[in-house]
Amino acid sequence: MTQPDLPDYAIIAEGLEKTYAGSKKREPKQALKGIDLKVRRGSIFGLLGPNGAGKSTFINILAGLTNKTGGTASIWGHDITAAARQARASIGVVPQEINMDVFFTPFETLELMAGFYGVPKGERRSDELLEVMGLADKRNAYVRQLSGGMKRRLLIAKALVHNPPVLVLDEPTAGVDIELRRQLWEYVVKLNGLGVTIVLTTHYLEEAQELCDEIAIIDQGRVVACEPKHSLLRRLDRKTLIIEAEDTLSAIPAGFEGLDADVREGALTITYRAGQTSVGDLIARFNESGQRIRDLRTEEPDLEDVFLALTYNAGHNGAQEAKTAR
Ligand SMILES: Nc1ncnc2c1ncn2[C@@H]1O[C@H](COP(=O)(O)OP(=O)(O)OP(=O)(O)O)[C@@H](O)[C@H]1O
């Protein structure tokens, strides 16, 4: 602990396992095969993985909705089994589905939820939450009159009524248009600025890349990566150099034998390992070939490339779905 009473990690999972019991018709399913994860306090943590990787199972265990079958987990320093009540009080979960009683107003919805959590009347923050989530002017409207984006914001507010230091968002923007997604993420960043540790699952890898400072990738019930975004992106140690010549190229110039080079749309594209080859060497080779450079640029791998490389298992299409979901 660096500050009194504040844990260094908002969530710690060690060897967390879940096997769903089988039935006559169904084999038991081991959804989590020993998850080790640490979510740093104050971070925006992305939990990524193909469909069926185990993300929802993991979140449901933390939320107290599903029982683990092995390992340990703690939220804000509280063991989810030994100190279940404190652990549950430390986390708010925004579910994938919109599940609200449409006949209540946003204010009533939050008050009811606060009552459910046993928050005394004097300590409730319904109006403050409506303000933070940009819903103050909808305080007394009926939920059924709210737009999709407003409903999602209300769901976030609902998960925050008991003032949890950790907020988990399970695919909060699935099926939401780009403008609304951007708006929702602005609120999430704002909450993080107010000190809330955020864990989110998303299929939109570009957004995870933009928003998250730490990322875990889960595949088939196992963690295949868990590290700061920047080190994850460096993992591939791969860059691409694109050189446009004064004259449009029709073939790979001499000197690039043995390298991963190609001519695309008249430009030379070379993919290389940054640790082994320097841009200077590649440019020198190009000049030696007698060509003159008109323009050049480099491209670095993005989260999608890393995700695909780490979850590339036979029969998996989740990564591909993630790619097409954008
Ligand atoms: N109640 C259940 N009974 C049996 N198997 C289950 C149950 N819930 C989930 N599973 C299985 O456990 C595995 C992990 O599922 P989970 O929903 O945690 O994955 P996910 O990563 O959240 O996927 P998605 O991105 O599609 O939501 C899958 O193979 C799923 O079919």
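Residues in the stretch 268-279 that are at pLDDT below 90 and not charged (D, E, K, R): T271, Y272, A274, G275, Q276, T277, S278, V279. Filtering the stretch 63-95 to residues that are within 16 Å of the chain's Cα centre (by Cα) and among the hydrophobic types (A, V, I, L, M, F, W, C) leaves V93, V94. Among what's in the stretch 118-148 and is part of a helix (DSSP H, G or I) and of a type in the set (G, A, S), pick the residue that is nearest to the chain's Cα centre (by Cα). Once the filter is applied, the top-ranked residue is G148. Taken together, the residues in the stretch 39-93 that are over 28 Å from L308 (Cβ atoms), in contact with a helix residue (DSSP H, G or I) (Cβ under 9 Å, 6 or more places away or on another chain), touching a residue at least 60 places away in the same chain (Cβ under 8 Å) and surrounded by fewer than 24 Cβ atoms within 10 Å (Cβ to Cβ) amount to 7. Selection of strands (runs of 3 or more DSSP E) fully inside the stretch 1-117 by the criterion of at least 2 residues being under 26 Å from D213 (Cα atoms) and away from the ligand (no atom under 16 Å from the Cβ) returns 9-20, 29-40, 70-75, 91-94.
Return yes when V168 is under 14 Å from the mean Cα position of the chain (by Cα) and either within 18 Å of L303 (Cβ to Cβ) or surrounded by fewer than 17 Cβ atoms within 10 Å (Cβ to Cβ) (or both) and no when it is not. The answer is no for V168. Residue pairs whose Cβ atoms lie under 6 Å apart, sitting 6 or more positions apart in sequence or on different chains, and linking a residue in the stretch 129-151 that is surrounded by 14 or more Cβ atoms within 10 Å (Cβ to Cβ) to a partner that is charged (D, E, K, R) and in a loop (DSSP other than H, G, I, E, B), are L130/R139.
The values are calculated or read from the model by the stated rules, or taken from the named source; none is laboratory data. Just so we're clear, the structure is a prediction, and the values are computed from it rather than from any experiment. We place every Cβ from the backbone using ideal geometry, glycine too, and count neighbours over all the protein chains shown.
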